[in-house]
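Asks: The structure under discussion is supplied below as structure tokens; questions concerning it will follow.
The values are calculated or read from the model by the stated rules, or taken from the named source; none is laboratory data. Quick caveat: nothing in here was measured; it's all calculated off a predicted structure. Methodologically, a virtual Cβ is constructed for each residue, glycine included, from the backbone with ideal geometry; neighbour enumeration extends over all protein chains shown.
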Amino acid sequence: MSNSKFLENWCDELSKLPVEELGQTTNELIAKIIFRDNSSLFKLSKELEDSFQIQVINKRVPIQFDYVLTDSSKLIIILLVGTLGELIMFLTYIQYICKQRNIWKVTPNFLLQSVIPDGFWSKDILDTMWNKQKLPDGTNAVDHFECMESIKK
């Protein structure tokens, strides 16, 4: 398999795997985020901007991906993922969906309707997919720009 399509094939496989419905607490938090998102005053707090996951998002998305994330989308993402690996895989999967839909601004509605309409993957599935994105040399495909050529604009 060509490295240029490696992550496209990986994302395609991920898209076909079963997901779990989001829990009540997660759904309630997402509803609050969406409600606040409708306010033109919505901004991430200084504490959230300084959080490790938001810093990774803010540094990595503009360099590696073609989409932009609203602040409220960033909150939903960090609510869903547990580890740095899960975060990077999810950001990669978002790129895949953006390319398919030709939509480059990621809002909460886009996340919920197009990226994860039926729920999110279990930790076991994410662990399995983490191992599947490893290249023969043991490095992570999600860290290699050449592995994502086919899901770029």
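Asks: Here's a check for you: in the range 111-153, which residue that is acidic (Asp, Glu) and without any contact (Cβ under 8 Å) to a residue 40 or more places away in the chain is nearest to residue 27 (Cα to Cα)?
Replies: Filtering the range 111-153 for residues that are acidic (Asp, Glu) and without any contact (Cβ under 8 Å) to a residue 40 or more places away in the chain, the one nearest to residue 27 (Cα to Cα) comes out as 124.
Asks: Do we find that residue 89 is over 19 Å from residue 54 (Cβ atoms) and either of a type in the set (A, V, I, L, M) or touching a Pro at 6+ places or on another chain (Cβ under 8 Å) (or both) in this structure?
Replies: When the stated conditions are applied, residue 89 does not pass them.
Asks: Now for a different question. Output the residue which, of all residues in the range 45-84 that are of a type in the set (Gly, Ala, Ser) and touching a residue at least 24 places away in the same chain (Cβ under 8 Å), is farthest from residue 102 (Cα to Cα).
Replies: Selected residue: 51.
Asks: Determine whether the range 84-92 contains at least one residue that is among the small types (Gly, Ala, Ser), at pLDDT below 95 and within 13 Å of the chain's Cα centre (by Cα).
Replies: no
Asks: Can you spot a residue in the range 40-54 that is under 20 Å from residue 14 (Cα atoms) and either more than 16 Å from the chain's Cα centre (by Cα) or surrounded by fewer than 16 Cβ atoms within 10 Å (Cβ to Cβ) (or both)?
Replies: For the range 40-54, residues under 20 Å from residue 14 (Cα atoms) and either more than 16 Å from the chain's Cα centre (by Cα) or surrounded by fewer than 16 Cβ atoms within 10 Å (Cβ to Cβ) (or both): absent.
Asks: Let me ask something else. Scan the range 8-31 for residues that are among the charged types (D, E, K, R) and either surrounded by 12 or more Cβ atoms within 10 Å (Cβ to Cβ) or at pLDDT 95 or above (or both) and jot them down.
Replies: Passing the criteria: 8, 12, 13, 16, 20, 21.
Asks: Also, I was wondering about something else. When you scan the range 32-71, how many residues do you find that are modelled with pLDDT of 90 or more and polar (S, T, N, Q)?
Replies: Number of matching residues: 5.
Asks: Name the residues in the range 109-134 that are surrounded by 19 or more Cβ atoms within 10 Å (Cβ to Cβ) and aromatic (Phe, Trp, Tyr), would you?
Replies: 110, 120, 121
Asks: Quick test for you: out of 99, 59, 74, pick the one residue that is charged (D, E, K, R) and exposed (fewer than 15 other Cβ atoms within 10 Å of the Cβ).
Replies: It is 59.
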